[in-house]
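> Handing you this structure, nothing more for now.
The values are calculated or read from the model by the stated rules, or taken from the named source; none is laboratory data. All values derive from a computational prediction rather than experimental measurement. A quick note on method: Cβ atoms are made from the backbone with ideal geometry, for glycine too, and the neighbour counts reach across all protein chains shown.
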Ligand SMILES: [Zn+2]
């Protein structure tokens, strides 16, 4: 059966920008034509609307979704490591299966309603490791969201949990979810021994996937690597066999020229998270030097890639007027290509024949002309997630008229609130995590 989105304007590609006023035909989960709707197709009227590729969030933490508005009674964190010890490493220890599922459903709902069709997630739940990625995959399958999942391996909670994390990645990589794929997750150099990092590299190699790891998010990661291993972080990853073209390196704020050259030479993808970097006061990533490999992620601050891409742009423009408007669009395209490779669908993120039908229909008033040459201007100064009307993932409408089609949104929200209350109570009983840089195994 063919579905056709009719009468709209199609933003077929963000990089290079391509605008065409025509219909889009979809069959068996893929775009079959960008042109007049075929006879007999089920038509969805998109008159006056803009049809855009679904966004990809290249670095997400669904497990953090229920932290929104969480009370906090410890002394305020003075640096990034204390933010981890006092907030996130307490929250992850308080997660159980029910709160993991509620987080994934609520975070996935937020993603879809803002036009994000794929999440590349990094999950941690040290008291509920085994099977946790299936819980997330099932929750996202229930709402129809595409994902690339991994479990965050770390030594900070002891050798048994480190081994369990490695095994959870290995187990999930063999699972056959239609809309979920796996990577090997690793926390960061400063919470990983050589042995554990090596185990991550081995599972990744055996499974033919990359490692998704935080890299030099804060200068403390570099200081730890130099003190414990006599090396900076990126050379350490090279030695461990973690740096390659399938790798996903989150942040890369404190990388030097040689490390940047190594990342570029390896062809790894860098997930740049500008709003998170600002919020954690960790500094600015050298995104211009890091070049074409940079994609965009939210690091758990929602999943709205319209908002993240605009912030990424303005952050650059604050430094220099030389930053072109095409830059954030190219970064979003890189994220889509990265996720597309995981699914064997390199055209993910484009609306063209053969591409997966992951897209959003925006009620975007055409108050000024739109053409190839000014797409960036519309993206940065006009379009936003508040325009999202419908969202399609793999050919299925999973948001229609601003509502999820598979589940009751009020029920998802009510379940999340209930789980949040229990989670917050459990977190409140936990002290700051004792682990820190220089204390690794
Ligand atoms: Zn992160």
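> Yes or no: the stretch 344-351 includes at least one residue that is surrounded by fewer than 23 Cβ atoms within 10 Å (Cβ to Cβ) and within 16 Å of the ligand (Cβ to nearest atom).
No, every residue in the stretch 344-351 fails to be surrounded by fewer than 23 Cβ atoms within 10 Å (Cβ to Cβ) and within 16 Å of the ligand (Cβ to nearest atom).
> Would you mind telling me which numbered condition in (1) surrounded by 24 or more Cβ atoms within 10 Å (Cβ to Cβ); (2) part of a loop (DSSP other than H, G, I, E, B) residue 209 fails?
So the condition that residue 209 fails would be (1).
> Sticking with this one: Assuming residue 437 fulfils every condition listed in (1) buried (at least 20 other Cβ atoms within 10 Å of the Cβ); (2) assigned to a helix (DSSP H, G or I); (3) out of contact with any strand residue (DSSP E or B) (no Cβ under 8 Å at 6 or more places or on another chain) apart from one, which condition is it?
With respect to (1) buried (at least 20 other Cβ atoms within 10 Å of the Cβ); (2) assigned to a helix (DSSP H, G or I); (3) out of contact with any strand residue (DSSP E or B) (no Cβ under 8 Å at 6 or more places or on another chain), residue 437 is out only on (2).
> Which of the following residues is touching a strand residue (DSSP E or B) at 6+ places or on another chain (Cβ under 6 Å), surrounded by fewer than 23 Cβ atoms within 10 Å (Cβ to Cβ) and touching a residue at least 12 places away in the same chain (Cβ under 8 Å): 372, 358?
Result of the check over 372, 358: 372.
> Quick one: which strands (runs of 3 or more DSSP E) sit completely within the stretch 140-190 and have at least 2 residues that are under 14 Å from the mean Cα position of the chain (by Cα) and at pLDDT 95 or above?
Strands (runs of 3 or more DSSP E) meeting the threshold: 146-149, 180-182.
> Something else now. Answer yes or no as to whether residue 98 is in contact (Cβ under 8 Å) with a residue 12 or more places away in the chain, more than 27 Å from residue 388 (Cβ to Cβ), away from the ligand (no atom under 16 Å from the Cβ) and assigned to a helix (DSSP H, G or I).
In short, yes.
> When the stretch 106-161 is examined, which residues are found to be within 20 Å of residue 309 (Cβ to Cβ) and free of Cβ contacts under 8 Å to residues at least 40 places away in the same chain?
147
> Where in the stretch 24-85 are there strands (runs of 3 or more DSSP E), lying fully within it, with 2 or more residues that are within 25 Å of residue 387 (Cβ to Cβ) and within 16 Å of the ligand (Cβ to nearest atom)?
55-60
> Sticking with this structure for a sec: Would you confirm whether any residue within the stretch 177-191 is crowded, with 16+ Cβ neighbours inside 10 Å and farther than 21 Å from residue 121 by Cβ?
yes
> Also, I was wondering about something else. Please work out which residue is nearest to the ligand (Cβ to nearest atom), limiting yourself to the stretch 208-223 and to residues that are touching a helix residue (DSSP H, G or I) at 6+ places or on another chain (Cβ under 6 Å) and over 19 Å from residue 262 (Cβ atoms).
Taking the candidates together, the pick is 218.
> Of all residues in the stretch 282-325, which are in contact (Cβ under 8 Å) with a residue 60 or more places away in the chain, away from the ligand (no atom under 16 Å from the Cβ) and crowded, with 18+ Cβ neighbours inside 10 Å?
304, 306, 309, 310, 313
Residue-wise test of (1) farther than 18 Å from residue 306 by Cα; (2) out of contact with any helix residue (DSSP H, G or I) (no Cβ under 6 Å at 6 or more places or on another chain); (3) surrounded by fewer than 20 Cβ atoms within 10 Å (Cβ to Cβ); (4) at pLDDT 95 or above.
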position	(1), (2), (3), (4)
1	yes, yes, yes, no
16	no, yes, yes, yes
21	yes, yes, yes, yes
26	yes, yes, no, yes
30	yes, yes, yes, yes
36	yes, yes, yes, yes
40	yes, yes, yes, yes
43	yes, yes, yes, yes
51	no, yes, no, yes
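> Also, I was wondering about something else. Residue 236 - would you say it is more than 14 Å from the ligand (Cβ to nearest atom) and either surrounded by 15 or more Cβ atoms within 10 Å (Cβ to Cβ) or closer than 26 Å to residue 305 by Cβ (or both)?
yes
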